[in-house]
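The values are calculated or read from the model by the stated rules, or taken from the named source; none is laboratory data. Computed from a predicted model, the values in this text were never measured in an experiment. Cβ sites come from the backbone with ideal geometry, for glycine too, and all protein chains shown count toward neighbours.
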Amino acid sequence: MSTFHFSTFFRNLLTAGKAHKTLIGICLFAAMVTAPPLGHSAGSIVNLNIPDLELTNQDGESNHLVTELIGDNIAAITFTYTSCTTICPILDGIFKSVQTRVGDAMGREIFLITISIDPANDIPPRLKARAEKLGARPGWNFLTGQRESVNRVLKGFEVYTPDIANHPPAVIIVDGRRGIWSRLSGFPSPALIEKALKEHLVVRQVSSR
């Protein structure tokens, strides 16, 4: 049985004719804006064992992923690389929209983390340029590190692939304080990610009363 590869699929689509590209645009727009009804759970709860390794952000600052960067925070995590021209710009665009949607909670109660799957090339200055291009505000970390460390982290998130050009799109939601992880596969809409993050925030607010 042949294996389906997201990035190969998108590369083939990008070589299609004008009519096909119009259809592609419609499909991607639908993927980004469609979210399940509010009564539905935002994401599937998963049991992940993430190694607490040091990664470096776009400003050259190194911190342990689990205990320091995630810590007690609520965060959305995704996986891209800067030279990707297929699915990564879509994921970047989704996170950029999430950043706007969460408003003042950004960098206070809610954080965004983008982990590079190409650490050999995605050094901090390159991540800094990407962050600036996307208008990343404080609280959105772009992470890289030693290849072995990054690969171990990717395996912990169950998104590792030896062929980075065919990595599957995914978003992980975590409440670090309660140790709850959930997975949103494919291209979840900004509204769905916002909903998942704010559900954890509401639980905190209720429990603190």
* To do: Assess whether PHE111 counts as being of a type in the set (Phe, Trp, Tyr), crowded, with 23+ Cβ neighbours inside 10 Å and farther than 15 Å from HIS200 by Cβ.
  => no
* Specify which of the listed residues (ASP118, ASP72) is free of Cβ contacts under 8 Å to residues at least 60 places away in the same chain, farther than 18 Å from SER189 by Cβ and surrounded by fewer than 22 Cβ atoms within 10 Å (Cβ to Cβ). => ASP118
* Asked: What helices (runs of 4 or more DSSP H), lying completely within region 99-209, carry at least 3 residues that are closer than 21 Å to THR56 by Cβ?
  -> 124-134, 147-156
* To do: Find all pairs meeting these conditions: Cβ atoms under 8 angstrom apart; at least six residues apart or on different chains; first residue within region 169-189 and under 21 Å from ILE87 (Cβ atoms) and surrounded by 17 or more Cβ atoms within 10 Å (Cβ to Cβ); second residue at pLDDT 95 or above and aromatic (Phe, Trp, Tyr).
  => PRO169/PHE187; ALA170/PHE79; ALA170/PHE157; ILE172/PHE157; ILE172/TRP181; ILE173/TRP181
* Can you find a residue in region 154-166 that is in contact (Cβ under 8 Å) with a residue 24 or more places away in the chain and of a type in the set (Lys, Arg)? -> no
